[in-house]
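Have a look at the structure below, then the notes.
The values are calculated or read from the model by the stated rules, or taken from the named source; none is laboratory data. Values in this document were obtained by computation on a predicted structure and should not be read as measured data. Cβ placement follows ideal geometry from the backbone for every residue including glycine, while neighbour counts extend to all protein chains displayed.
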């Protein structure tokens, strides 16, 4: 079988940040890397699940919501994928929206949206404090993200 694109990225040199993972027509997939792969501990399930609920709720309620396709965790639990329509959201706007979403998660207080048996397939596994800690880390990481840093690092 042909190797998929995400397996061709050298994960041994990949720092935390935001990268363009792939472009398929007008769909851009961003790799939002929260942990250095195979070096730092992965994000705990409850925290990653709560970040997903809060971040997705924020971006789908933003002025750019029509261009948002998907936000969800990577199976390796070192980050998230954020998919947008490039015809609706530029790279600059995606960076700014990501910064705003992590700010929102970092400061969130109250009931996490979608956390009930009717709304979520695993509603018991959430960790708001863990999610806020992850988001606080990413608020700092995102300060150095720009158009110039969206390309994956090369050896």
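Quick rundown of the values:
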read-out	value
Hey, residue 43 in contact with a helix residue (DSSP H, G or I) (Cβ under 7 Å, 6 or more places away or on another chain), surrounded by 18 or more Cβ atoms within 10 Å (Cβ to Cβ) and under 20 Å from residue 112 (Cα atoms) or not	yes
Selection status of residue 87, in contact with a helix residue (DSSP H, G or I) (Cβ under 8 Å, 6 or more places away or on another chain), at pLDDT below 95 and more than 23 Å from residue 126 (Cα to Cα)	yes
Of residues in region 10-28 being free of Cβ contacts under 8 Å to residues at least 24 places away in the same chain and surrounded by fewer than 12 Cβ atoms within 10 Å (Cβ to Cβ), the one nearest to the chain's Cα centre (by Cα)	24
Test result for residue 79, touching a helix residue (DSSP H, G or I) at 6+ places or on another chain (Cβ under 6 Å) and at pLDDT 95 or above	no
Filter result for the condition that a residue is under 25 Å from residue 111 (Cα atoms), free of Cβ contacts under 8 Å to residues at least 40 places away in the same chain and crowded, with 20+ Cβ neighbours inside 10 Å, over 59, 51, 68	68
